Amino acid sequence: MSAIMLERVEKSHPVQETPAMPSRVPYSRHLSRKMSTLVHLTRLVNSTRKLDQQLHLLLDETRRILEAEQAVFYLVNEERQELLIHFVWEGQLKRVSRPFGAGIAEYVILNGKVVNVADAYKDPRFQRQVVRLGETSPRSFLAVPMANRQGRTCGCLQLINKREGAFDQKDTEYLMIMADLMTMAIQNALAFSRTREYQRLEREIQRAVGIQRQLLPTKVPQVPGYEIFAFNQPSRHVGGDYYDFFPFPRTLAFTLADVSGKGVPAALLTANLHAFLHAFANEIDSGKEVVRRVNRHFYLYTSSDMFATFFWGNLNYHTHQFRYVNAGHIPPLLVHRNGTVEKLKSSGLPIGIMDSFEYQEKEISLEYGDMMILFSDGITEASGIAAEQFGKRRLLRLVEQNYYLSAKELGRLLISQLRQFTGSGQLDDDMTLMIVKRKLDSL
């Protein structure tokens, strides 16, 4: 069954007039037969999950039980304004289509009424130029509307040519039962299809999560005289935050980037950034040149509405000089040994906005106990239960009160406070935190 046909069960013509249900047959034999038929058909529907097989079985049984030459199921394809017609011929389920017109099936669908035509050629709604259903030559019709769970008519079930006599009220009752079962089969198939599609997408997302996690460092590098802590958590399985380390003979370079957007598009750009940086970053000592190349690459190979904030730093762990370039990222915090905090000011445009931009590289010296804290805006903009943001002030206060902790201890404390603040809610943005601290015990 095509996706359009399945979706049609959910999008159909509104019922303009709902027919009254036929009155009950007073004698128990007929009621018993109806119940037996219902149980039998329900078992048939449940015998397979394949919709085509269910339709085949139901059409075959409908034709057999009601002693008709043919049973036909019509489903409206609203997008193409046509009827999708299903019938069994020579042991196979056939599927054809015709433009939505003014025939008996269309009348039933548009008006939501049962139609019983004893002589097709005397009914003005009968279209002689119709799709030929095998070798059946129509003489009489019985058609009932099919409605989905929302009460909208989505198609009709039709019998052609009673083998003996004419279609009667009992036939109508049975056909309505079978129409309900057919509608149920289609809706169940749609639900099953959606479940399988969801499961498939979930598997794909988990693969994407695994791939993106492989792009991030599996462990922080060991640098003489320094402690390093790093943490990353995407908001939607995969995300647009990226951090990395690039070791040189006497220095350690590291980066933190925040790609605009969230989810899969942002994750694809972080993968692009990772590949580009690893292709050349280890060969360049100049932070300005690294950022210049990254900016041009982003500008040339991403859409105009995509950009990224980007911070690049290079720490000489022998001289304790730190050089950095900031392309629109939140200024990192520099926490001194005595607990005072300042921002590493220096900012240019985010990468990908302009083809060429002159970025500035700055340099500082790290004293014993000094600490740098880099973070993405997902940290400060994390929302609490009362829709209040975590905020820069709260972050700064926590740092000032706990500056004496090691990089790992402070990092774990900040993440713990963030999780407590946000509760169990969905993160609004990706969160990345990096802390680099010069050890006191190297005195």
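Candidates are the residues of region 293-332 that are assigned to a strand (DSSP E or B) and among the hydroxyl-bearing types (S, T, Y); the one that is nearest to D377 (Cα to Cα) is T309.
Looking across region 254-278, just one residue is in a strand (DSSP E or B) and charged (D, E, K, R), and that is D258. Taking the criterion of being in contact with a strand residue (DSSP E or B) (Cβ under 9 Å, 6 or more places away or on another chain) and either small (G, A, S) or assigned to a loop (DSSP other than H, G, I, E, B) (or both), the residues of region 220-234 that qualify are V220, P221, Q222, V223, G225, A230, P234.
Would a scan of region 279-292 turn up a residue that is part of a strand (DSSP E or B), assigned by TED's automatic domain parsing to the domain that holds F357, buried (at least 16 other Cβ atoms within 10 Å of the Cβ) and touching a helix residue (DSSP H, G or I) at 6+ places or on another chain (Cβ under 9 Å)? Scanning region 279-292, I find no residue that is part of a strand (DSSP E or B), assigned by TED's automatic domain parsing to the domain that holds F357, buried (at least 16 other Cβ atoms within 10 Å of the Cβ) and touching a helix residue (DSSP H, G or I) at 6+ places or on another chain (Cβ under 9 Å), so the answer is no. The set of residues in region 343-371 being farther than 16 Å from G287 by Cβ, surrounded by 13 or more Cβ atoms within 10 Å (Cβ to Cβ) and in contact with a helix residue (DSSP H, G or I) (Cβ under 6 Å, 6 or more places away or on another chain) consists of G352 alone.
Is it the case that region 166-181 has a residue that's of a type in the set (D, E, K, R), farther than 22 Å from F100 by Cβ, modelled with pLDDT under 75 and part of a helix (DSSP H, G or I)? Checking region 166-181: not a single residue is of a type in the set (D, E, K, R), farther than 22 Å from F100 by Cβ, modelled with pLDDT under 75 and part of a helix (DSSP H, G or I).
The values are calculated or read from the model by the stated rules, or taken from the named source; none is laboratory data. These numbers were taken from a predicted model, which means no experiment stands behind them. Here the Cβ is made from the backbone with ideal geometry for all residues, glycine too, and neighbour counts use every protein chain on show.
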